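The values are calculated or read from the model by the stated rules, or taken from the named source; none is laboratory data. Everything quoted here is computed from the prediction, not taken from an experiment. Here the Cβ positions follow ideal geometry from the backbone for every residue, glycine too, while neighbour counts run over all protein chains shown. Ligands, DNA and RNA are stripped out before the accessible areas are found, and what is left, the full protein with its side chains, is counted by its heavy atoms. Shrake-Rupley method; radii C 1.70, N 1.55, O 1.52, S 1.80 Å.
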Amino acid sequence: MNQSCIFCRIINKEIPSKFIAENEYCIVINDIAPRAPIHYLIIPKKHIANLHAAEPSDAQLLGQVLLMAQEVAQTLPEPKAFQLVFNNGQQAGQSVFHLHAHLISGKFFSGL
Ligand code: 5GP
Ligand code: ZN
């Protein structure tokens with residue numbers, strides 16, 4: 001838990017937020033500024049700044065982020081197509097330094 005981290009405060013329910021899904025490892029919330037018809041954030045409960053800061057001992061947690069993406073993707077409308085984006089570093093667009101995956105769907109994104 002990092003008191004100055006907005007995602008830690010959401011995980012801790014200090015900031016009320018609707019959880020789309022939750023398990024022992026992660027939560028899923030709607031992005032406050034969606035860039036697609038469906039834009040979820042999959043956030044591990046452990047504070048890790050980004051992939052640069054992840055360690056081999058986080059392997060299970062990182063796998064759980066992908067499995068949570070698979071779980072919420074089952075609720076998407078057909079054809080259930082989605083992208084998963086991890087921004088790592090400010091120059092790559094990261095603005096919240098608590099690791100998270102953007103699950104975006106419902107809009108066609110060409111290229112990467
Ligand atoms: P990043 O830019 O770090 O990859 O993604 C951070 C995302 O968190 C942004 O898309 C931003 O809109 C979202 N965000 C920032 N603050 C909040 C918040 O308080 N609640 C929610 N639901 N999303 C937030
Ligand atoms: Zn955090």
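Data for the structure
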{"quantity": "Surface accessible to a 1.4 Å probe, HIS52 within the full protein complex, Å²", "calculated": "150"}
{"quantity": "The chain, helix-only ellipticity at 222 nm - DSSP H runs n ≥ 4, -39,500 (n - 2.57), divided by all residues, nearest 500", "calculated": "-5500 deg cm²/dmol"}
{"quantity": "Cleavage-rule hits, GluC sites (Glu not before Pro), the stretch 14-70, DSSP coil, Cβ neighbours within 10 Å at most 14", "calculated": "GLU14, GLU24"}
{"quantity": "Mean Cα-pair separation over length for the chain, i.e. relative contact order, pairs under 8 Å, 6 or more apart, %", "calculated": "30"}
{"quantity": "Heavy-atom accessible area order for HIS100, HIS47, largest first, 1.4 Å probe", "calculated": "HIS47, HIS100"}
{"quantity": "Under 26 Å, Cα to Cα: Lys pairs in the chain, sequence gap 8 or more or different chains", "calculated": "8"}
{"quantity": "Where only C-alpha atoms are counted, convex hull volume of the chain per residue in Å³", "calculated": "112"}
{"quantity": "Longest exposed-site-free window of the chain, the sites being chymotrypsin sites (Phe, Trp or Tyr not before Pro) in a DSSP loop that have at most 15 other C-beta atoms within 10 Å", "calculated": "20-85"}
{"quantity": "Largest-first ordering by accessible area, 1.4 Å probe, given options LEU84, LEU99", "calculated": "LEU84, LEU99"}
{"quantity": "Principal-axis tilt of helix 59-73 within the chain, Cα atoms, nearest 10 degrees", "calculated": "30"}
